[in-house]
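What follows is a single structure, and I will ask about it in a moment.
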Amino acid sequence: MAKKITIEPVTRVEGHGKVTIHLDDQNNVTNTRLHIVEFRGFERFILGRPYWEAPVLVQRLCGICPVSHHLAAAKALDVIVGAGVGDSLTPVGEKMRRLMHYGQIFQSHSLHFFHLVSPDLLFGIDADPAIRNIIGVALKHKDLAVQGVMMRKFGQEVIRATAGKKIHGTGAIPGGINKHLELEDKELLLNGPDPVNADKMVEWAQGAVDFFKDYYKKNKDMIDNFAFFPSNHLSIVRKDGALDLYNGVLRAVDAEGNKILDDVDCQEYNKYIEEEVRSWSYMKFPYIKKLGKEKGWYRVGPLARLNTCDFIPTPLAQKEFEEYKAINKGKPDNCCLHYHYARLIEILHTGEMMKELLNDPDLMKGDLTVKGTKVKKGVGVLEAPRGTLFHQYEINDDDQITLANLIVSTTNNNEPMNQSVNIVAKTWMNGKPEITEPMMNAVEVAIRAYDPCLSCATHALGKMPLEISLYDVNNELVDKKRT
Amino acid sequence: MDNTEKIKFVIDDKVCYAEPGQTILEAAKSNGVYIPSLCYIEGVKPPGSCRICNVRVNNRNLIACTTPVAEGMIIDNDIPELNELRKAIVEMLFVSGNHFCPGCEKSGNCELQALAYRFQMMVPRFPYEFPEKGVNATSKYIFHDRNRCIMCKRCIGKVMKDEKHVFAYNSRGGEHLHVVMDEELASQLTEEEATEAMDICPVGAILKKERGYYSPIGHRKYDKESIGSDIEKK
């Protein structure tokens, strides 16, 4: 008898989603889907609002990465107010935004790795769910848990110092920033008492990379083979090919490292990227136009970024990058769980960048904004913690927004996450007579690797009830289990 | 003028002195006593429209911004009963408009929001109306969001161009009553005049175009001290 398994909600991810797995008479997986079950509607209700409200309004999409939306919107509006793109802002405008952005990525990555992922690594995918959570980590690995909490705190403090609040600040305005870095904050972040200072953060970030490398050595087979599949990868990179999370040009490579897109101006992203709508999910499916729907989907996020960039412009992260790239002899990395490895290298990079910027005198002086001739359209693209984030706006003569299109990072990873779910379901569930909790968690581990922010607003930390329903071939409910 | 020639009154058990002709609100202010209000603004005949400043004299509720202070008045102002009434009015103003503080650029400088904090409003007790009164963005420097208007009439009394009122009521009353902007006059306002108009509005109904969120969080009017504390410090 054919069955349908539903995993809802998916746990230890940001937002709410569910997975359905269809089994045939022999309990082989025939179809899998990751559904996004929430609808946001920001692109609609922002219409008619004055354009300068966008960075503050749209960041309310998310409680985890509001800074990314805040900055992507501000970058799009830089174009609209005639301030230009990229490095055309004043030094303080550009650098304060970058500092805010690095603080955001640092805190978000830390939250994901230490709070959401480490339980799977420390206790195992099949461990008792009662201990396989952040409380379990805090009880058994106190030092690691404290580092996770304090690293997140540091990132949040950086955001507060640049945006005015730890969540949903107002720092970036069209054409620049609304404040200089205050001396008190600079001192606190650079020379504050341990552990909340930049030196300790870089040290701990290096420690986190080392922790993962050690884990990887001991569990290489599992890490390399879990939900492995080849894919395209997309991100922005600096003009010279360096990893740049804030500004750059679009680049996409295939599974072998051949460039599909290179040096693409972000203002023209919609000439190269298309979105497909499928009836069973509120999340769209983006793809690279010239490859078509079937072959054009791609991964974004830390794994993709380290696959597209040529180098990392900070010394410690570059050293780790070289070691990491050697695993695949320089070829793109298509291992799902290597997302964690790449993410930790990015934590180290952002730690180094924050330290460098905090020592930069430009943050405390100079004009805050620039302005030029207004135009009607603007696109802002940056690398959010979870991947490439696109914001596009158009305005009318009265300064009202007439069009808003957002391709959120997780949206880009929609098809890869579905692929991952499919592979893990087949590997773990094919032909098995009973659904076990570890099987379901394995599906979630694959999704979790992408650090998805499913609704990009709500977020669920820790254990949420997991419901599995069995349906027969006529879609009649046969059995239901709730953990 | 020494105190013997002034009007003697008591407010919240404090003996105070007022100039003849002062309203209770003005007299209280000059004696360091804050009476909350939203529609009152210096230089304009008080409309008494918001009713927040109601005080109690001889068991009667009076509007402090329109009632002249009188010799021997004993006034209750900062008492739980009145503050609860004021809080209810603030809540009514919140639900009768679309006041979404998280995205509003007046947040931190908004008097309605500041009063809500002062009265420790958590959530309105009344159902939201979600009005659809529309916006007017035709002026070069002003974005007029009627859904945030609290009908205080400050802009009607104070925002002028060539001695003509830029803002006015659209009718005499009823549910469709709202403040409208004269597009022709508004388009003649200078950038400075538009900024002044934004400052006159106690909420975020009148916005100066292209200047949103220029005050960093922590440096906005009510970030550090609650509304009225400047008066109470005197």
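Where a number appears in this text, it was derived from the coordinates with a stated rule and is not lab data. Computed from a prediction, not measured in an experiment: that's the story for all the values here. So basically every Cβ, Gly included, is an ideal-geometry build from the backbone, and we count neighbours across all protein chains shown.
Can you tell me what the convex hull of the Cα atoms of the stretch A:94-245 projects to on average, as an area in nm²? Intermediate results must be reported in sequence, preceding the final value.
Values: hull surface 47.5 nm².
So the Cα hull casts an average projection of 11.9 nm².
How many lysine pairs does the stretch B:1-89 hold where the Cα atoms are under 22 Å apart and the two sit 8 or more places apart or on different chains? Provide the component values of the computation, followed by the final result.
Details: B:K6/B:K14; B:K6/B:K29; B:K8/B:K29; B:K14/B:K29; B:K29/B:K45; B:K29/B:K87.
Close lysine pairs found across the stretch B:1-89: 6.
How do B:M181, A:M417, A:M222 rank when sorted from fewest to most other Cβ atoms within 10 Å of their own Cβ? List each step's numbers first, then the result.
On the way: B:M181 23, A:M417 27, A:M222 13.
Ranking B:M181, A:M417, A:M222 by Cβ neighbours within 10 Å, fewest first, gives A:M222, B:M181, A:M417.
Rounded to the nearest 20 debye, what is the charge dipole size of the stretch A:287-391 about its Cα centre when +1 sits on each Lys and Arg Cβ and -1 on each Asp and Glu Cβ? Intermediate values should be presented prior to the final figure.
Working: 18 positive and 13 negative charges, 177 e Å.
Roughly 840 debye, rounded to the nearest 20.
In a GNM of chain B with a 10 Å cut-off on Cα contacts, which of B:P124, B:P36, B:P202 has the highest mean-square fluctuation?
Of the options given, B:P124 has the highest mean-square fluctuation.
Moving on to the next point. Counting only pairs 8 or more residues apart or on different chains, how many lysine pairs in the stretch A:285-358 have their Cα atoms under 26 Å apart?
Number of lysine pairs found: 10.
Turning to a different aspect of this structure: Could you tell me, in Å, what Rg and Dmax come out for the Cα atoms of the stretch A:62-144?
My reading of the Cα-based Rg and Dmax gives 18.9, 56 Å.
In bins 5 Å wide, starting from 0, what share of all Cα pairs of the stretch B:87-208 does each bin hold, as a percent?
2, 11, 22, 24, 19, 13, 6, 3, 0
List, in order, the whole-Hz ³J(HN,Hα) value for each residue of the stretch B:151-166 obtained from phi through the Karplus relation with A = 6.51, B = -1.76, C = 1.60 and θ = phi - 60°; use x for Gly and Pro.
Here the 3J(HN,Hα) series is 6, 7, 6, 4, 5, 5, x, 10, 8, 10, 9, 6, 6, 10, 6, 7 Hz.
While we're here: Can you compute the radius of gyration and Dmax for chain B, using only the Cα atoms, both in Å?
Computed over the Cα atoms of chain B, radius of gyration and Dmax are 18.5, 55 Å.
Helix-only mean residue ellipticity at 222 nm, chain A, DSSP H runs n ≥ 4 weighted -39,500 (n - 2.57), per residue, nearest 500. What is it? Show your work: numbers first, answer last.
On the way: 17 runs with 192 residues, N = 483.
Helices in chain A give a 222 nm mean residue ellipticity of -12000 deg cm²/dmol.
I need the Debye-formula profile for the stretch A:270-354: one equal scatterer per C-alpha, no solvent, reported as log10 I(q)/I(0) at q = 0.12, 0.19, 0.20, 0.26 1/Å, two decimals.
-0.47, -0.87, -0.91, -1.17
Could you work out how far the C-alpha centroid of the stretch A:246-305 sits from that of the stretch A:96-129, in angstrom?
Rounded to whole Å, the Cα centres lie 25 Å apart.
Another question, then. By a straight-distance test (C-alpha under 14 Å), which aspartates and glutamates pair with A:K166 as possible cross-link partners, with residues fewer than eight away in the same chain excluded?
Cross-link targets: A:E157, A:D185.
Would you mind getting me the FRET efficiency between B:V15 and B:Y117? Use the beta-carbon distance for r and R0 = 45 Å, nearest 0.05.
Working: r = 30 Å, r/R0 = 0.67.
That pair, B:V15 with B:Y117, gives E of 0.90.
Place the peptides A:236-249, A:164-177 in order of packing, highest mean first, counting for every residue the other Cβ atoms within 10 Å and averaging per peptide. It would help to have the intermediate numbers written out before the result.
Values: A:236-249: 20.1, A:164-177: 23.4.
So the peptides A:236-249, A:164-177, ranked by packing, come out A:164-177, A:236-249.
Average the reciprocal distances over every distinct pair of alpha-carbons in chain A, invert the result, and give the Kirkwood radius in Å. Don't skip to the end; give the middle numbers.
On the way: mean 1/r = 0.0441 Å⁻¹.
Hydrodynamic radius (Kirkwood, Cα only) of chain A equals 22.7 Å.
Partner chain Cβ atoms within 10 Å, averaged over the residues of A:395-405 - can you pull that number for me? Don't skip to the answer; put the middle values down first.
Values: counts 0, 1, 2, 8, 5, 3, 0, 0, 0, 0, 0.
For this peptide, the per-residue mean of nearby foreign Cβ atoms is 2.
Still on this structure, please answer the following. Among A:R152, B:R56, A:R251, A:R305, what is the fewest-to-most ranking by other Cβ atoms within 10 Å? Don't jump to the answer; show the numbers that get you there.
Working: A:R152 19, B:R56 16, A:R251 24, A:R305 28.
Lowest to highest Cβ neighbour count: B:R56, A:R152, A:R251, A:R305.
Using Cα positions and a limit of under 18 Å, work out the lysines in reach of A:K75, with same-chain residues fewer than 8 apart set aside.
Of all the lysines, those that pass the test against A:K75 - Cα under 18 Å, at least 8 places apart if same chain - are A:K95, A:K179, A:K239, A:K371, A:K374, A:K376, A:K377.
While we're looking at this one, here's another question. Restricting to DSSP H runs of at least four residues, report the calculated mean residue ellipticity at 222 nm for chain B, -39500 (n - 2.57) per run over all residues, nearest 500 deg cm²/dmol.
Details: 7 runs with 56 residues, N = 234.
Calculated from helices alone, the mean residue ellipticity at 222 nm is -6500 deg cm²/dmol.
Still on this structure: Could you pull out the chymotrypsin sites (Phe, Trp or Tyr not before Pro) across the stretch A:32-136 that fall in loop regions by DSSP (anything but H, G, I, E, B) with no more than 12 other Cβ atoms inside 10 Å?
Working: sites: A:F39, A:F42, A:F45, A:Y51, A:W52, A:Y102, A:F106, A:F113, A:F114, A:F123; in loops: A:F39.
Hits after loop and neighbour filter: A:F39.
Can you work out the PRE-style zone for A:N328? Point 7 Å along Cα to Cβ, and I want the residues of the stretch A:249-274 with backbone N under 15 Å.
Backbone N within reach: A:252-260.
Now for a separate question. Given a 10 angstrom Cα cut-off, can you work out which residue in B:V44, B:V179, B:V15 is the most mobile in a GNM of chain B?
Among B:V44, B:V179, B:V15, the largest GNM mean-square fluctuation belongs to B:V15.
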